[in-house]
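J.: Just dropping this structure here.
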Amino acid sequence: MNRKLHTAISAAIDAGQAILQIYQTDFAVEHKKDQSPLTLADQEAHKIIVSALESDPYPILSEEGKSIPYATRRQWDSFWLVDPLDGTKEFVKRNGEFTVNIALINDQRPVLGVIYVPVADTLYFGTVEHGAYKTVEALKISRRASENEGTADSAVDRIINLSNRLPLPRDVSRPYTIVGSRSHSTPDVERIVAENKQRHGAVDFLSAGSSLKICMVAEGLADLYPRTGPTMEWDTGAGQAIAQSAGAEIVEFDSQATLLYNKENLLNPWFIVRWP
């Protein structure tokens, strides 16, 4: 697992650096069939991550990769789930709230997650064995760990030693806090905010893009993230691994069952990220 975690961290940071180079240019924006935006950054990040993960025997399912029939996918016990650039709308808006997401799925459940925030040079990662962590100045720390340590085990240990365990200590003065999408607010979320105001009194509502919302719950900056709009499995896999490794949970909105992966339809149901 340490070797896989080290590979995923390195791949996410390398992809993030390539994204930043394009972010600083006058990049072009195309649109997919569903009208969602696509940039050269999505494509370059995909190439970098796939190249790094191909040394591992597990197959790769990426948002920017080829469509893989369910008849093939259903045979997978373990696989990499990748969103090379989560938050392309935020990338296009140039607000910095986009991420690189890499997850390892085993038996339909995320067991390893890495999320890199290129503009902030911040890394979130988590596994069942290690717990969840946040790393600032991630590029420098990752490179130093890889250069100075001889094995993946020692490199991961060094990164962990220079990171903060999640959740961070809670600010007891802050009110109950809900985080929601910057680009996809819905009346259902507004209703949930109103219900929690009745339950908790004062409620803060924070907006953020991409998988940062899940990270904010895992970090302890927010108590609840309700998602009442469409997402795909690659949008949530890495965040779910990190949140669960930190002690939070992601459950389906209606059934309260844990989100599962590698479904025939890769569209997620509505879900809630929360502290139990």
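J.: Only residues that are without any contact (Cβ under 8 Å) to a residue 40 or more places away in the chain and β-branched (Val, Ile, Thr): list them for region 237-276, please.
T.: Within region 237-276, Ile250, Val251 meet the criteria.
J.: Further question on the same structure: Under the condition of being within 16 Å of the chain's Cα centre (by Cα) and of a type in the set (Phe, Trp, Tyr), which residue from region 261-276 is surrounded by the fewest Cβ atoms within 10 Å (Cβ to Cβ)?
T.: Tyr261
J.: So which residues in region 118-144 are surrounded by fewer than 23 Cβ atoms within 10 Å (Cβ to Cβ) and among the small types (Gly, Ala, Ser)?
T.: Ala120, Gly131
J.: Oh, and also: Would you pick out the residues in region 136-156 that are without any contact (Cβ under 8 Å) to a residue 60 or more places away in the chain, assigned to a helix (DSSP H, G or I) and under 20 Å from Gly113 (Cβ atoms)?
T.: Ile141, Ala145
J.: Moving to a separate point now. Any residue in region 182-205 that is within 19 Å of Gly87 (Cα to Cα) and open to solvent by less than 20 Å² (accessible area, probe 1.4 Å)? Break it down stepwise before answering.
T.: In the first step, residues of region 182-205 are kept if they are within 19 Å of Gly87 (Cα to Cα); the result is 182-186.
Now drop any that are not open to solvent by less than 20 Å² (accessible area, probe 1.4 Å), which leaves none.
Checked region 182-205: no residue is within 19 Å of Gly87 (Cα to Cα) and open to solvent by less than 20 Å² (accessible area, probe 1.4 Å).
J.: From the set of residues in region 206-215 that are among the hydrophobic types (A, V, I, L, M, F, W, C) and surrounded by 21 or more Cβ atoms within 10 Å (Cβ to Cβ), which is modelled with the lowest pLDDT? Can you show your working first?
T.: Going through region 206-215, the residues among the hydrophobic types (A, V, I, L, M, F, W, C) turn out to be 206, 208, 212, 214-215.
Now restrict to residues that are surrounded by 21 or more Cβ atoms within 10 Å (Cβ to Cβ): 208, 212, 214-215.
Values: Ala208: 92, Leu212: 97, Ile214: 98, Cys215: 98.
Looking at the filtered set, the residue picked out is Ala208.
J.: Right, something else. Name the single residue, out of those in region 248-260 being more than 17 Å from Gly131 (Cβ to Cβ) and among the aliphatic types (A, V, I, L, M), that is farthest from the chain's Cα centre (by Cα).
T.: Restricting attention to region 248-260, the residues satisfying the condition of being more than 17 Å from Gly131 (Cβ to Cβ) are 251-260.
Imposing the further condition that a residue be among the aliphatic types (A, V, I, L, M) reduces the set to 251, 257, 259-260.
On the way: Val251: 16, Ala257: 20, Leu259: 14, Leu260: 15 Å.
If we take residues in region 248-260 being more than 17 Å from Gly131 (Cβ to Cβ) and among the aliphatic types (A, V, I, L, M), then Ala257 is farthest from the chain's Cα centre (by Cα).
J.: Look at region 213-247 and say how many of its residues are under 18 Å from Thr122 (Cβ atoms), under 14 Å from the mean Cα position of the chain (by Cα) and among the aliphatic types (A, V, I, L, M).
T.: 9
J.: Within region 233-262, which residues are within 23 Å of Ala71 (Cα to Cα) and out of contact with any Asp or Glu (no Cβ under 7 Å at 6 or more places or on another chain)? Let's see the steps before the verdict.
T.: Within region 233-262, the subset within 23 Å of Ala71 (Cα to Cα) is 233-237, 259-262.
Within region 233-262, Glu233, Thr236, Gly237, Leu260, Asn262 qualify.
J.: In region 155-165, what residues are open to solvent by less than 30 Å² (accessible area, probe 1.4 Å) and either among the polar types (S, T, N, Q) or in contact with a Lys or Arg (Cβ under 6 Å, 6 or more places away or on another chain) (or both)? Lay out the reasoning, then the answer.
T.: Residues of region 155-165 open to solvent by less than 30 Å² (accessible area, probe 1.4 Å): 155-156, 159-160, 163.
Selection gives Ser163 alone.
J.: Then there is this: Grab the strands (runs of 3 or more DSSP E) fully contained in region 16-117, keeping just those with 1 or more residues being surrounded by 15 or more Cβ atoms within 10 Å (Cβ to Cβ) and in contact with a Phe, Trp or Tyr (Cβ under 6 Å, 6 or more places away or on another chain). Walk me through how you get there before you give the answer.
T.: Numbers: elements: 29-31, 37-39, 60-62, 78-86, 99-106, 109-117.
Where strands (runs of 3 or more DSSP E) fall fully within region 16-117 and carry at least 1 residues being surrounded by 15 or more Cβ atoms within 10 Å (Cβ to Cβ) and in contact with a Phe, Trp or Tyr (Cβ under 6 Å, 6 or more places away or on another chain), they are 37-39, 60-62, 78-86, 99-106, 109-117.
J.: Within region 232-260, restricting attention to residues that are β-branched (Val, Ile, Thr) and open to solvent by less than 10 Å² (accessible area, probe 1.4 Å), which residue is farthest from Arg94 (Cα to Cα)?
T.: Applying the first criterion (β-branched (Val, Ile, Thr)) to region 232-260 yields 236, 242, 250-251, 258.
Of the ones still in play, those that are also open to solvent by less than 10 Å² (accessible area, probe 1.4 Å) are 236, 242, 250-251.
On the way: Thr236: 22, Ile242: 26, Ile250: 29, Val251: 31 Å.
The selected residue is Val251.
J.: Tell me, which strands (runs of 3 or more DSSP E) lie completely within region 196-264 with 1 or more residues that are of a type in the set (S, T, N, Q)? So that I can check it myself, show each step before the final result.
T.: On the way: elements: 203-208, 224-227, 249-252.
So the answer is 203-208.
The values are calculated or read from the model by the stated rules, or taken from the named source; none is laboratory data. These numbers come from a predicted model, not from an experiment. All Cβ positions, even for glycine, are placed from backbone atoms using ideal geometry, and neighbour counts span all protein chains on display. All accessible areas refer to the heavy atoms of the entire protein, side chains included, with ligands and DNA or RNA removed. Shrake-Rupley method; radii C 1.70, N 1.55, O 1.52, S 1.80 Å.
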